[in-house]
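Following: one structure in structure tokens, then a few remarks.
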Amino acid sequence: MTHKVKPAVPPSQKPRSIARQHRYFTWLSLSLMSFLGLMVLIVYESRWVYPEIQAYFSQTGSLTGQQLATRSRVYLQNAQSELLADQPEQAAFDATIINIELAYGLSDVHVYRNQCECMATSLNILNRVLAQLEAREIDRVNAVSELFAPIACLTNIEMSQLDQRGAAINDFSESTRQHNQVLTYSSLLIFVMGLVFWWLHERQLRRTDHATQETFEWMQRAMRDPLTGIGNRSALHQDVLAKQHQSLGLILLDIDFFKQYNDAYGHPQGDMLLRQLTTLIGQTLNNEAQLYRLGGDEFAALLLCPDTETLKSYCHQLIEGLREADFSHPAHPDKKGVTLSVGGSCFVAAEHTFSHAYEAADKVLYQVKAAGRDGWQVTEDA
């Protein structure tokens, strides 16, 4: 069995291959660096913007008042709800006192006392209502009415803070306008550069994939018999190596008196017979075998086979299936149709076992020929 030696790559092609690989990584790295630069720019601008946002909207400075005023107003409204709820007076007063005390604590801050004229009055009202509630000297409706003035004061504070927030937002927007323009145009430029580099990378990758696909297709064609479409001798060897340690059956087949068939019908009809036999062999073996044309009228079949008895059954099926097909052969010396000589062997797939199995199957094949052809034999020695 001959082995093809893979030709070495000419020295002139190696630098070209290295250069192509270098370009591939260059375009990819440039693209990634562009997108990385875009991310750095965005992060840099964000690092500048974030402190500005913190300065305007953090819970420090005068804007803290909005949160405190809001929460204080909510507590007072909760107190009104408790007073108006359908519950015992004792429970209503206790819950109201808790809510007013919470509202008082949130309202009694320095910024409100200095900037809001109504706050001092509101705190006095809350003090008075608390005392009256504790002494049970006020009814629910009057207590609810008393809380409207502090709620209105807190609402005015919230509205004032909203106005201040709006002014702060306008100032912030104006101060960041130029930064936004720089970020937008720079990001657009870097993004376009990244897309260009990525496109160059993808184009190079497609070219590489196309070349690889062409090489793969060429290798596939090199492993196939062009007439029948089944594997050739090299494919048989590779498929055996791909099934390492599996129990396989190898069947070798020769068409009896094929030369005489060609002489009688001509080579085009002989080629058609080869294709027909390829189909018949595959169907007879239940399409479980991989088929190979080893040259001329020589075929091989490789299939999973646990023992020689199973292989004998396959060989018998081949002979009987061909007899049932009854292909005519006007030049057959024994006045028969087309017949086969078949030899087989079982083996466990490996490099060294395959050569021995092939030799053993070939040996029994010639024993069948010597015995008059049109038969099969399986060796027990492989």
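The values are calculated or read from the model by the stated rules, or taken from the named source; none is laboratory data. Here the structure is a predicted model, which means the values were calculated and not measured. All Cβ positions, even for glycine, are placed from backbone atoms using ideal geometry, and neighbour counts span all protein chains on display.
Of the residues examined, T339 is one that is at pLDDT 95 or above and either surrounded by 14 or more Cβ atoms within 10 Å (Cβ to Cβ) or not assigned by TED's automatic domain parsing to the domain that holds L274 (or both). For the stretch 121-151, a residue qualifies if it is part of a helix (DSSP H, G or I), of a type in the set (A, V, I, L, M, F, W, C) and surrounded by 13 or more Cβ atoms within 10 Å (Cβ to Cβ), and the qualifying residues are L123, I125, L126, V129, L130, L133, A143, V144, A149, I151. Listed conditions (1) at pLDDT 95 or above; (2) within 45 Å of the chain's Cα centre (by Cα); (3) surrounded by fewer than 20 Cβ atoms within 10 Å (Cβ to Cβ) are all met by N287, apart from (1).
Report whether or not L183 is part of a helix (DSSP H, G or I), out of contact with any Gly (no Cβ under 6 Å at 6 or more places or on another chain) and either exposed (fewer than 15 other Cβ atoms within 10 Å of the Cβ) or not assigned by TED's automatic domain parsing to the domain that holds L126 (or both). It is false that L183 is part of a helix (DSSP H, G or I), out of contact with any Gly (no Cβ under 6 Å at 6 or more places or on another chain) and either exposed (fewer than 15 other Cβ atoms within 10 Å of the Cβ) or not assigned by TED's automatic domain parsing to the domain that holds L126 (or both). So for the stretch 323-336 (the condition being in the same structural domain as R373 (by TED's automatic domain parsing), in contact with a strand residue (DSSP E or B) (Cβ under 8 Å, 6 or more places away or on another chain) and without any contact (Cβ under 8 Å) to a residue 60 or more places away in the chain), does at least one residue qualify? So far as the stretch 323-336 goes, no, none of its residues is in the same structural domain as R373 (by TED's automatic domain parsing), in contact with a strand residue (DSSP E or B) (Cβ under 8 Å, 6 or more places away or on another chain) and without any contact (Cβ under 8 Å) to a residue 60 or more places away in the chain. It is to be established whether one or more residues within the stretch 222-232 are surrounded by fewer than 17 Cβ atoms within 10 Å (Cβ to Cβ), of a type in the set (A, V, I, L, M), more than 36 Å from the chain's Cα centre (by Cα) and modelled with pLDDT of 90 or more. Yes, the stretch 222-232 contains at least one residue that is surrounded by fewer than 17 Cβ atoms within 10 Å (Cβ to Cβ), of a type in the set (A, V, I, L, M), more than 36 Å from the chain's Cα centre (by Cα) and modelled with pLDDT of 90 or more. Does A361 meet the test of being touching a helix residue (DSSP H, G or I) at 6+ places or on another chain (Cβ under 8 Å), closer than 20 Å to D256 by Cβ and modelled with pLDDT of 95 or more? No: the conditions fail for A361.
Assuming N142 fulfils every condition listed in (1) modelled with pLDDT of 90 or more; (2) polar (S, T, N, Q); (3) touching a Gly at 6+ places or on another chain (Cβ under 9 Å) apart from one, which condition is it? Here N142 clears every test but (3). Residues in the stretch 197-208 that are without any contact (Cβ under 8 Å) to a residue 24 or more places away in the chain and surrounded by 11 or more Cβ atoms within 10 Å (Cβ to Cβ): W199, E202, R203, R207. Looking at the stretch 239-268, which of the residues that are among the polar types (S, T, N, Q), more than 13 Å from V338 (Cα to Cα) and out of contact with any Cys (no Cβ under 7 Å at 6 or more places or on another chain) is surrounded by the fewest Cβ atoms within 10 Å (Cβ to Cβ)? Only one residue fits best here, namely Q244. Would you check if there is a residue in the stretch 222-233 being free of Cβ contacts under 8 Å to residues at least 24 places away in the same chain, part of a helix (DSSP H, G or I) and more than 23 Å from L106 (Cα to Cα)? Yes, that holds for at least one residue.
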